[in-house]
Amino acid sequence: MSVEVLFPEVSKKDPNIEGVVATWFVGDGDQVTQGQLIAEVQVEKVDAEVYAPEGGVIKILSNEQLPARQSSVIAVIEN
């Protein structure tokens, strides 16, 4: 079973606004635990932390510093 990791909605002004994954704290294929800090995202100079919703092996879909829309899938965790 896989669980999607979504880019959090940081800016309420425009749900279609894009941001970037500023930093991944884990690597593609790493084992993560539920609640683990896995990334930091940035939208309009606002930073937010992303935590693993489930434990398992992470597959990163969004590279650092490339545009990503809020609420888009940035990774998948296979458990």
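Filter the range 49-71 for residues that are modelled with pLDDT under 95 and under 11 Å from Val10 (Cα atoms) and give the result.
Listed by number, the residues that qualify are Arg69, Gln70, Ser71.
Residues checked against (1) within 15 Å of Glu4 (Cβ to Cβ); (2) among the aromatic types (Phe, Trp, Tyr); (3) out of contact with any Phe, Trp or Tyr (no Cβ under 6 Å at 6 or more places or on another chain):
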{"residue": "Gly29", "(1), (2), (3)": "no, no, yes"}
{"residue": "Gln36", "(1), (2), (3)": "no, no, yes"}
{"residue": "Glu44", "(1), (2), (3)": "no, no, yes"}
{"residue": "Tyr51", "(1), (2), (3)": "yes, yes, yes"}
{"residue": "Asn63", "(1), (2), (3)": "no, no, yes"}
{"residue": "Glu78", "(1), (2), (3)": "yes, no, yes"}
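Taking Ser11 and the conditions (1) modelled with pLDDT of 95 or more; (2) assigned to a loop (DSSP other than H, G, I, E, B); (3) among the polar types (S, T, N, Q), which numbered condition does it fall short on, given that it satisfies the others?
For Ser11, the failing item is (1).
Only one of (1) surrounded by 15 or more Cβ atoms within 10 Å (Cβ to Cβ); (2) in contact (Cβ under 8 Å) with a residue 24 or more places away in the chain fails for Glu4. Which number is that?
(1)
The values are calculated or read from the model by the stated rules, or taken from the named source; none is laboratory data. A quick note: this is a predicted structure, and the numbers were derived from the prediction, not measured. Here the Cβ is made from the backbone with ideal geometry for all residues, glycine too, and neighbour counts use every protein chain on show.
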